[in-house]
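The values are calculated or read from the model by the stated rules, or taken from the named source; none is laboratory data. Here the structure is a predicted model, which is why all the values come from computation and not from measurement. Please note: Cβ atoms are built from the backbone with ideal geometry, for glycine as well, and neighbour counts cover all protein chains shown.
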């Protein structure tokens with residue numbers, strides 16, 4: 001991928017809403033795996049899933065503000 005394309009990710013308004021909702025839903029949640037195989041169950045900790053996708057450091061309120069600003073326009 002060309003170097004400048006990764007910046008497009010941050011101007012996508014869907015990113016801000018999706019990451020905020022994901023953090024609200026998975027923060028401090030224990031996940032249950034139906035099949036105890038390590039291939040089918042990546043993690044049973046919601047915080048680990050957030051860290052894996054890089055959503056552990058986001059600020060929910062900042063993302064909400066960006067999402068509302070995009071909707072307003």
Every pair of residues 6+ apart whose Cβ atoms lie under 8 Å, when the first sits in segment 62-73 and is farther than 15 Å from residue 10 by Cα while the second is assigned to a helix (DSSP H, G or I): none
Residue list for segment 14-45, restricted to those being in a helix (DSSP H, G or I) and either surrounded by 14 or more Cβ atoms within 10 Å (Cβ to Cβ) or at pLDDT below 80 (or both): 15, 16, 17, 18, 19, 20, 21, 22, 23, 26
Those residues of segment 46-61 which are free of Cβ contacts under 8 Å to residues at least 40 places away in the same chain and either over 9 Å from the mean Cα position of the chain (by Cα) or in a helix (DSSP H, G or I) (or both), in sequence order: 46, 47, 48, 49, 50, 51, 52, 53, 57, 59, 61
Selection count where residues are outside any helix (DSSP H, G or I) and farther than 17 Å from residue 67 by Cα, scope segment 1-13: 2
